[in-house]
1. Got at least one residue in region 12-23 being assigned to a loop (DSSP other than H, G, I, E, B), open to solvent by 80 Å² or more (accessible area, probe 1.4 Å) and at pLDDT 85 or above?
2. Answer yes or no as to whether residue 32 is closer than 28 Å to residue 56 by Cα and at pLDDT 85 or above.
3. Can you tell me how many residues within region 81-98 are in contact with a strand residue (DSSP E or B) (Cβ under 9 Å, 6 or more places away or on another chain), within 18 Å of residue 51 (Cα to Cα), without any contact (Cβ under 8 Å) to a residue 40 or more places away in the chain and open to solvent by 40 Å² or more (accessible area, probe 1.4 Å)?
4. Test residue 74 against the criterion of being of a type in the set (A, V, I, L, M), modelled with pLDDT under 85 and open to solvent by less than 50 Å² (accessible area, probe 1.4 Å), and give yes or no.
Amino acid sequence: LSSLLVDYNLVHLPAGTHVLLDTATHASTHLSLSEWQSLSGQGIHSLAADPLFDDPGAGIFGLQSTSPGENAGAAIPVFVDLDRQTRSMASPDLGAVED
């Protein structure tokens, strides 16, 4: 999958500040988001922050208006979100759910 691009994600790690990189060359290495970005060259526009979901306990994963992911995505040819709602091409949200 050398053509796979990972970017414009909102990484939330409430139990710690590291992501787990598990590859043949870096098996089970714990990295900060910035370390992973530097090592992989991926996720340059990704953020590490609390996404401020609407109500995750009730299964509502839309973003609050004060979320760092609100209108911070990139316009790509994905026209519907996880809930099959139309995605904004002008100012998409980060993540799988468009508010």
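The values are calculated or read from the model by the stated rules, or taken from the named source; none is laboratory data. Everything quoted here is computed from the prediction, not taken from an experiment. Counting neighbours? That spans all protein chains shown, and the Cβs are built from the backbone with ideal geometry, glycine included. Ligands, DNA and RNA are stripped out before the accessible areas are found, and what is left, the full protein with its side chains, is counted by its heavy atoms. Shrake-Rupley method; radii C 1.70, N 1.55, O 1.52, S 1.80 Å.
1. no
2. no
3. Qualifying residue count for the region: 3.
4. So residue 74 passes the test.
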